[in-house]
Amino acid sequence: DRQTLVAVLQFLRRSNLRESEEILRREARLLGDDLGGSVATVATSSPGVAAVAAVPPGKGGARGNCGVGPSSRRDPWGVWGPCAGGLSVMLGHKGQFGGAVVVEDQPDVSAVLSAYNQQGDPTLYEEYYSGLKHFIECSLDCHRAELSQLFYPLFVHMYLELVYNQHESEAKSFFERFHGDQECYYQDDLRVLSSLTKKEHMKGNETMLDFRTSKFVLRISRDSYQLLKRHLQEKQNNQIWNIVQEHLYIDIFDGMPRSKQQIDAMVGSLAGEAKREANKAKVFFGLLKEPEFDVPLDDEDEEGENEEGKPKKKKPKKDNVGSKSKKQDPNAPPQNRIPLPELKDSDKLDKVMNMKEAARRVRLGPECLPSICFYTFLNAYQGLTAVDITDDSSMIVGGFADSTVRVWSVTPKKLRSVKTAADLSLIDKESDDVLERIMDEKTASELKILYGHSGPVYGTSFSPDRNYLLSCSEDGTVRLWSLQTFTCLVGYKGHNYPVWDTQFSPYGYYFVSGGHDRVARLWATDHYQPLRIFAGHLADVTCTRFHPNSNYIATGSADRTIRLWDVLNGNCVRIFTGHKGPIHSLAFSPNGRFLATGATDGRVLLWDIGHGLMVGELKGHTDTIYALRFSRDGEILASGSMDNTVRLWDAVKAFEDLETDDFTTATGHINLPENSQDLLLGTYMTKSTPVVHLHFTRRNLLLAAGAYSSQ
């Protein structure tokens, strides 16, 4: 377009950008000083307007990609061209030339869908798609696996474009002809898609809106991308090229293309893979320094049976705890990065008890597997929906579909409430056993039932000091219960829809909840509104977990991704893709370095948090994995599933010799060893009880829980 060119040249001259002006003249074959001289047109690959503009060297489109792929802010012109010096030729879409850069935001529904207006000839869609399919299937093996990733997002967008523009019969025939070619893990999405046959259906469908607003991320090597680009431009296949430009984010890396196995390991989520940029931020995955305090050895030991044996066992333990706390973990966050509650005397006592128990802990390993104690809920006709066990394994709680929360004592010590105010005033507050005296013996029982929710209870969590209990429900609330009075203290209202999971921080005070509204919220027990809202998932947040240092929160979602969030600023610092179904369980390793995740696809995936990489895949379960837990020292990972089994895996072996070099991190060329069977240490069947919860006691006995199902 001659006028545009002249205008740009005049602008460059006015701005004193002589060098850019010269380059532009040469590129446009415009010689001499006469701006009004003849202008040779710049060839473009699409019938739109050719816009030429100067760009500072290396400032191409997507960051780090030297200008290939749509930039991180949406680029109204389409592709950035070659990034050799200061000039980029931009290939434009039909009638889309305009200076405004559209910033990606959450647009409203009609605006989102209207992007499907730029349509081609509806009768040619099948031809376009089959042409591309033929091209990809005939390309070299090394490129075919990578380019095949295009099939699914293109299929969805072309189908939606036909539906939106009311070509219903063409859409139907397009769907029937090509839906069988898609990967098996997209079957559920395709089922949703097949029900969208009219323009009106699209307006209320959140999944499709997400698909529209978030760019589908594909990770492709530069060679494969060049091949695709050349093919589409030669064929003048603008319809597909427009979709690639508009709706896909192509994350290009230099190096060898990835193999089918490497790609299959990482794809499958609602929005494709994670951009490599998403996993680059620094994460402090180390543990916080344990507070130092004296362990009162002597008073405690007078109660002990063998006074000789006990101090000997404990003294070395104490020293090593002391020595460990003096050295700061280099990967740990600063101690005061987020404010944590101070230790009360009762917490210190509990820590002392914990150390004693740890001294008697069984060292687990392939040669020494834990005993498993299974708590079966019989006659749970109310429908067991959630379980938690206190850290000291003294109480177990069940959340039920009849909206009750039931707490049991699993030790001979019964559950008692505090006496009434009138009775408390009579107690001598100076006496040594005042904590015993305030308890009302008349209320002692093995089971307490807590009423308050008005819908099924989907998540429960005990506070570390065992004074409080959280429960979350379909009624949209999270409730905090006192375990002194067995009454509800607070109802936290923030989610408008069912809340699927909640969990206390390992330090108490903070807790996290996640729900159907697709966000996770961070709360403090003394604030009635959330402190942080973690938004970014494209579907329900199904499970939530605190990192052992309490600075991070992991969330698993029905969009088939896991995200790691920074509690300090609310940023998402990791996105893990690879599961082929909604995530239902998360577990951090005790050292804070690794994360294990389980989903409806029956696979347990292992992640290195520091490098942001998948480092293992444990196959064996045949149904959804609802429970994951590492042993206290991290040697063994236990997984519990709807297939009525508990499996034990060798975590030490799974995490040794990891290939986490810079190359792997940069390109995502992960090589997962096919060694699930070598890592599996044992499979334990229940009679007919799906496993809902797992817990290692302080001495490494494994407790499991679930409700017997008679089917």
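The values are calculated or read from the model by the stated rules, or taken from the named source; none is laboratory data. Remember, predicted model here, so these are calculated numbers, not experimental data. A quick note on method: Cβ atoms are made from the backbone with ideal geometry, for glycine too, and the neighbour counts reach across all protein chains shown. In case anyone asks, the SASA skips ligands and DNA or RNA and just uses the protein heavy atoms, side chains included. Shrake-Rupley method; radii C 1.70, N 1.55, O 1.52, S 1.80 Å.
Points to keep in mind about this one:
- Here the ratio of the Cα radius of gyration of the range 543-604 to 2.2 N^0.38 Å is 1.05.
- Residues in the range 122-267 average 41 Å² of solvent-accessible surface per residue, probe 1.4 Å, ligands and nucleic acids excluded.
- Accessible area ranking (1.4 Å probe, heavy atoms, ligands and nucleic acids excluded), largest first, for Arg18, Arg563: Arg18, Arg563.
- Semi-axes of the equivalent ellipsoid of the range 461-518 are 20, 13, 7 Å, computed as sqrt(5λ) over the eigenvalues of the C-alpha gyration tensor in descending order.
- Whole-Hz couplings from phi, Karplus 6.51/-1.76/1.60, listed for the range 330-336; x for Gly and Pro: x, 9, 7, x, x, 4, 9
- Between Lys429 and Lys280, full extension at 0.36 nm per residue minus the direct alpha carbon distance yields a gain of 48.0 nm.
- Of Lys280/Lys351; Lys289/Lys356; Lys275/Lys619; Lys133/Lys215; Lys580/Lys619; Lys282/Lys580, those spanning more than 24 Å from alpha-carbon to alpha-carbon: Lys280/Lys351; Lys275/Lys619; Lys282/Lys580
- Exposure of Ser461 as accessible area (Å², to 10), given a probe of 1.4 Å and all protein chains: 10 Å²
- Placing a label point 7 Å from the Cα of Arg230 along the Cα-to-Cβ direction, the residues of the range 126-146 whose backbone N falls under 12 Å of that point are 140.
- Spin-label pair Lys289-Asp141: with each label point 7 Å from Cα along the Cα-Cβ axis, the two points sit 5.7 nm from one another.
- Note on the range 482-628: semi-axes of the ellipsoid equivalent to its C-alpha gyration tensor, largest first and rounded to whole Å, are 25, 16, 15.
- All Cα-Cα separations within the range 122-267 were binned at 10 Å from zero, giving a P(r) of 11, 42, 36, 11, 0, each value a whole percent of the pairs.
- Distance between the modelled labels on Leu680 and Asn569, one decimal in nanometres: 4.4 nm (7 Å Cα→Cβ projection).
- Backbone geometry of the range 628-639 corresponds, through the Karplus equation with coefficients 6.51, -1.76 and 1.60 at θ = phi - 60°, to 3J(HN,Hα) couplings of 9, 7, 8, 5, 4, 9, x, 7, 10, 10, 9, 10 Hz, x marking Gly and Pro.
- Sorted largest first by accessible area at a 1.4 angstrom probe radius, with every protein chain in place, the residues Lys229, Lys289 fall in the order Lys289, Lys229.
- Global form of the range 343-382, assessed from the alpha-carbon gyration tensor, a/c cut-off 1.5: oblate
- Near the amide H of Phe374, within less than 5 Å, lie the amide hydrogens of Ala704, all on another chain or at least 5 residues away, with H placed in the peptide plane.
- In sequence order, calculated HN-Hα J values of the range 370-376 (Karplus, 6.51, -1.76, 1.60; Hz; x Gly/Pro): x, 6, 10, 10, 9, 8, 9
- P(r) tail for the range 360-511: Cα pairs beyond 27 Å make up 32% of the total.
- The 1.4 Å probe gives accessible areas that order Arg629, Arg337, Arg593, largest first, as Arg593, Arg629, Arg337.
- Where labels lie 7 Å past Cα in the beta-carbon direction, separation of Ser130 and Ser688 in nm: 5.1 nm
- Under 5 Å from the amide H of Gly272 lie the amide H atoms of Val217, each residue being 5 or more positions distant or on a separate chain, with H modelled from the backbone and absent for Pro and chain starts.
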